[in-house]
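Engineer: Structure in structure tokens, see below.
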Amino acid sequence: MDEFIENMHAPQMAHVSKPAPKFDVETVVKGGEFSRTTLEDYKGTWLVLFFYPLDFTFVCPTEITGFSKRYNEFKALGAEVLGGSTDSVHSHKTWLKELGDLNFPLFSDITRDMSWDYGVLLPEQGIALRGTFIIDPEGILRYALYHDLGVGRSVDETLRVLKALQTGELCPVGWTEGDKTLGKA
């Protein structure tokens, strides 16, 4: 693993309010087909991008199926969902036989470049932390959340933050759709 760390490129560095790091990765889509996707493919739409540590683990399937069950809510907000890990597309495809079809693609970051650029890579282990990112239609990173390996994320909170960001206004603590905002951001 030390050689891997030594050979890593300088990260693009994910910073909220700056352009999101670009990516070009292989994916597994509904039906187990392989495809490719890039950040550019999501231009003009909101993107909820999330990383998880590994296929065939305990917490990850709860999150992945949670996002899939709520996919239509993201879609209704003009957002797409893209999840993945450092596992191969072949591992994803095999795992999907257990999980079932998802409503969004799973990406393979087998090179670990994407995880590195988004700041979620644990290089000594070669896996990603749980990271959730919201990218606006212009490709600007608007939200970044990092979790330790053992704690699952909240789909409810991701939806709440997406709705808040889409107001373009200042949203106070605990803001939910329908609440008053504090004016223009």
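The values are calculated or read from the model by the stated rules, or taken from the named source; none is laboratory data. This one's a predicted model, so the numbers in the text were calculated from it and none came from an experiment. Neighbour counts run over all protein chains shown; Cβ positions are idealised from the backbone, glycine included.
Engineer: What residue, among those in segment 11-31 that are among the small types (Gly, Ala, Ser) and surrounded by 13 or more Cβ atoms within 10 Å (Cβ to Cβ), is nearest to Glu124 (Cα to Cα)?
Structural biologist: Ala14
Engineer: Continuing with the same structure: Which of the residues belonging to segment 102-130 are out of contact with any Ser or Thr (no Cβ under 8 Å at 6 or more places or on another chain) and either part of a helix (DSSP H, G or I) or not aliphatic (A, V, I, L, M) (or both)?
Structural biologist: Thr111, Asp113, Met114, Trp116, Asp117, Tyr118, Gly119, Pro123, Glu124, Gln125, Arg130
Engineer: Separate question: What do you reckon, is Phe74 at positive phi and either in contact with a helix residue (DSSP H, G or I) (Cβ under 8 Å, 6 or more places away or on another chain) or aliphatic (A, V, I, L, M) (or both)?
Structural biologist: The answer is no for Phe74.
Engineer: Inspect all residues belonging to segment 11-20 and state whether any of them is within 22 Å of Ala79 (Cα to Cα), of a type in the set (Gly, Ala, Ser), over 13 Å from the mean Cα position of the chain (by Cα) and at pLDDT below 90.
Structural biologist: Yes, segment 11-20 contains a residue that is within 22 Å of Ala79 (Cα to Cα), of a type in the set (Gly, Ala, Ser), over 13 Å from the mean Cα position of the chain (by Cα) and at pLDDT below 90.
Engineer: While we're here: Pairs only if they're at least six apart or on different chains, beta carbon under 6 angstrom, first in segment 101-124 and closer than 12 Å to Val89 by Cβ and in contact (Cβ under 8 Å) with a residue 60 or more places away in the chain, second outside any loop (DSSP other than H, G, I, E, B) and among the polar types (S, T, N, Q); list them, first residue then second.
Structural biologist: Matching pairs, first to second residue: Pro105/Thr27; Phe107/Thr27; Asp109/Ser115.
Engineer: With the requirement that a residue be surrounded by 14 or more Cβ atoms within 10 Å (Cβ to Cβ), touching a residue at least 40 places away in the same chain (Cβ under 8 Å) and either hydrophobic (A, V, I, L, M, F, W, C) or not in a helix (DSSP H, G or I) (or both), what does segment 143-164 give you?
Structural biologist: Across segment 143-164, the qualifying residues are Tyr143, Ala144, Leu149, Gly152, Arg153, Val155, Leu159, Leu162.
Engineer: Let me ask something additional. Looking at segment 32-69 only, could you name the residues that are part of a strand (DSSP E or B) and exposed (fewer than 14 other Cβ atoms within 10 Å of the Cβ)?
Structural biologist: Within segment 32-69, Glu33, Ser35, Arg36, Thr38 qualify.
Engineer: All but one of (1) buried (at least 18 other Cβ atoms within 10 Å of the Cβ); (2) among the polar types (S, T, N, Q); (3) in contact with a helix residue (DSSP H, G or I) (Cβ under 9 Å, 6 or more places away or on another chain) hold for Ser91; which doesn't?
Structural biologist: (3)
Engineer: Can you name the number of the only condition in (1) closer than 25 Å to Lys93 by Cα; (2) surrounded by fewer than 19 Cβ atoms within 10 Å (Cβ to Cβ); (3) in contact (Cβ under 8 Å) with a residue 24 or more places away in the chain that Ile140 fails?
Structural biologist: Among (1) closer than 25 Å to Lys93 by Cα; (2) surrounded by fewer than 19 Cβ atoms within 10 Å (Cβ to Cβ); (3) in contact (Cβ under 8 Å) with a residue 24 or more places away in the chain, the lone unmet condition for Ile140 is (1).
Engineer: Just to be sure I understand, how many residues within segment 22-42 are small (Gly, Ala, Ser) and closer than 11 Å to Asp101 by Cα?
Structural biologist: Summing the residues that are small (Gly, Ala, Ser) and closer than 11 Å to Asp101 by Cα in segment 22-42 gives 2.
Engineer: Against the definition (among the small types (Gly, Ala, Ser), in contact with a strand residue (DSSP E or B) (Cβ under 7 Å, 6 or more places away or on another chain) and over 21 Å from Leu162 (Cβ atoms)), how does Ser108 come out, yes or no?
Structural biologist: yes
Engineer: Another question, then. Please find, within segment 94-121, the residue that is modelled with the lowest pLDDT out of those that are acidic (Asp, Glu) and surrounded by fewer than 16 Cβ atoms within 10 Å (Cβ to Cβ).
Structural biologist: Among residues in segment 94-121 that are acidic (Asp, Glu) and surrounded by fewer than 16 Cβ atoms within 10 Å (Cβ to Cβ), the one modelled with the lowest pLDDT is Glu98.
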